[in-house]
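Student: After the structure tokens below, expect a handful of questions from me.
Where a number appears in this text, it was derived from the coordinates with a stated rule and is not lab data. Everything numeric here is computed off the predicted structure, so don't read it as measured data. Cβ placement follows ideal geometry from the backbone for every residue including glycine, while neighbour counts extend to all protein chains displayed.
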Amino acid sequence: MINWDEKRKYKRAFIKLAVEYRGKNFWQMVEANDISAGGMFVATDKVEPAQTKIEVIFELGKEPYKKTIRAEGVVAWSRAQAAKDEKGEAVPAGMGIMFTKTFPFVSKEIFENLLKEAEQQNKPKSQD
């Protein structure tokens, strides 16, 4: 079995983001379930084939530092129907998108800050 976390170049933040997605066959508003400096997973039942060129637009950060990001990329893989993962947990239909360009240039620090924020939000609160 492949351990994708060990093979990934960038660490992922498991957060939900509204994303405007423009592909070859579809233009839609979707939800990203996770994001990294290298790409994102978008949940949708309207998937494009692998290697399809796409564009996504989304916002990162909190006010007053929120930035609108436009990224070009390709569909790395897609899942046309919801399924179960190796642990038996439900996973939605959708696409893994690999970024090829981001505008404005998205620095590593923006994604590192996003990861830190996501980790802080997902930490269990201590019981006093």
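Student: Full extension from Thr100 to Ala80: what is 0.36 nm times the residue separation minus their Cα-Cα distance, to one decimal in nm?
Tutor: 4.9 nm
Student: Chymotrypsin sites (Phe, Trp or Tyr not before Pro), restricted to the range 21-118: which are DSSP loop and have at most 11 other Cβ atoms within 10 Å?
Tutor: Tyr65, Phe105
Student: State the answer as a single residue: which of Gln81, Asn25, Ile54 lies farthest towards the positive end of the charge dipole of the range 1-89, with beta carbon charges of +1 for Lys and Arg and -1 for Asp and Glu, about the Cα centre.
Tutor: Result: Ile54.
Student: GluC sites (Glu not before Pro) within the range 1-90: which are DSSP loop residues with at most 13 other Cβ atoms inside 10 Å?
Tutor: The qualifying sites are Glu86, Glu89.
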